[in-house]
1. Taking amide H atoms as placed 1.01 Å from N in the peptide plane, list the residues 5 or more away in sequence, or in a different chain, whose amide H sits under 5 Å from that of T342.
2. Highest mean first, what order results for 325-331, 203-209 on Cβ atoms within 10 Å?
3. Quick one: accessible area per residue over segment 233-288, 1.4 Å probe, rounded to a whole number of Å²?
4. Mind scanning K204/K232; K204/K368; K204/K340; K232/K340 and naming the pairs with a C-alpha gap bigger than 32 Å?
5. Just check segment 60-110 against the gyration tensor rule for me: Cα atoms, a ≥ b ≥ c as the square roots of the eigenvalues, rounded for a/c under 1.5, and otherwise prolate or oblate depending on whether a/b exceeds b/c.
6. Could you give me the ³J(HN,Hα) list for segment 319-326, computed from phi with Karplus coefficients 6.51, -1.76, 1.60 and θ = phi - 60°, whole Hz, x at Gly and Pro?
7. I want to make sure I understand the PRE zone here: with the label point 7 angstrom from the Cα of N182 toward its beta carbon, which residues in segment 252-290 have backbone N atoms less than 18 Å away?
8. Using 7 Å Cα-to-Cβ label points, what is the S266/D244 separation (nm, one decimal)?
Amino acid sequence: MAPAPDLEVVRQRILEKKLNYEQYNFGRLRDDAIKTFFDLAQEYETLENLYRVCVGVIKEFFDLDSRLYLICGNSDCLELVCDSLTGVPADRIIAPAGIHLSNTAYQVDNSWLLPVRGNRLLVDRLPFFTKDQVIGMLEIFPAEGLTDKDKFFFEKYANRLGYALHNKIINQQNIQHIRFINSLVGDIEHNVITPNIGLSLHLKHVKKKIQALCRLVTETGATMSCCPEFIKQLRDLALGIDADCLTFEKQYRGISLFLESLFRPSHFQRGHLVLRRQKCKVASEIIKPQLELYLPKLQERQIEIDASLGGVPEEEDYNLLVDKGLIAQVYANLFSNAVKYTRPSPVSGRKYISFGRRRLQDFFGPGKDGVRFNVFTSGPPIPEQDRDLIFEEGYRGSNVEGEVGTGRGLYFIRIVVETHGGIVGCESTPEGNDFYFVLPVYAAEESLQTGPEPSTATS
């Protein structure tokens, strides 16, 4: 039976390797040395023990000494990391002047130096810059008795230890990154989220003082009829401060919600978004507050708003089981994009956005309804080839027209919606582009089983 088409490329590489090893004809001793190295490279977890394995195999199988040098920092400087005579050095030792980084093997006195090459596909993941994949040099001595066949074998050995070292370096770097991220999240929770909760108390105190000021203005106005202009200015100032405080409170609550939902420790501990589902009226608790935050920017760009909610009466709100903070950020991204990319309609000439929602019967299967939410923006239709890619990480369409962006907004939306079990999409019409997502409607018994986790959100 012929192999499956998707296996053919790998099969060809296997056959090439099989033929190569037949031609190498290393012999049992050298084959056992390679196998021993691979077995122990997987057995030992630390980088230092892998260094010891690299030089130890050469010593025990061939009675030759060796030294392993790796690039230090972002330079061509080589640093001794292990030798078969003294092991891993306690202090930093720079390679002697005659030993340098090279893409080819060379001899220095009675030592044979071989390039240690890393994984070509992962070179950019290393914590240092390397040229031609060479991450270090392997010194073998004495070199006087080495045959051409020995040198060829040690060249292949150096390649294999290079790949193993490269992967181990990246693994340790990833572990350090994870530890750092977990530590950083702890700092964020301690130094940002918790103090941010305390700000709500200060905000309440400010609001009480503003209310006291308004009462004082009213009382003063009743007794100082001789200064009506002064009282009017004082009243306008009090009302202006009150309006500013209300704006600040809305923004504060939105930012607090985003901080809690983005920097949730469980995201980092598990390596993916962890939902805190709670029953939420999406239109009144998410869409309306987010629209209010973006309303000044929409007005500044003279963008009309069709708030008909797709023909569904505002009081007919859907009570869904969602992570409120994350879905709020979905709408924040959609409205932010609307501010940047809404253009006059090629058909009507209107420059506007609209948004809506409607229930889809059996969308996710029999008895499994969904609710479709959308934000429509007028303007030139997005080309079909872009619509298939705009929800990919880092992708920006051909219609960005110099607007600043990272290509992460729609990707973030996709991740959040898919984590909720939903789907995302974009449809174009002659009037503009409709960005939508569909969330599943959970049954009452499912809601009880997947209720919200305790939350520190202040909203």
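1. none
2. Descending mean neighbour count gives 325-331, 203-209.
3. About 56 Å² of surface per residue is accessible.
4. In this structure, K204/K368; K204/K340; K232/K340 exceed 32 Å between Cα atoms.
5. oblate
6. Using θ = phi - 60°, the values come out as 9, 9, 9, 9, 7, 4, x, 6 Hz.
7. Once the point is set 7 Å along Cα→Cβ of N182, 263-274 turn out to lie under 18 Å by backbone N, inside segment 252-290.
8. Placing both labels 7 Å along Cα→Cβ, they lie 4.0 nm apart.
The values are calculated or read from the model by the stated rules, or taken from the named source; none is laboratory data. Bear in mind that the values here come from a model prediction, so they are computed numbers and not experimental data. Every residue, glycine as well, gets a Cβ built from its backbone with ideal geometry; the counts of neighbours run over all protein chains shown. The area values use the complete protein model at the heavy-atom level, side chains included, leaving out ligands, DNA and RNA. Shrake-Rupley method; radii C 1.70, N 1.55, O 1.52, S 1.80 Å.
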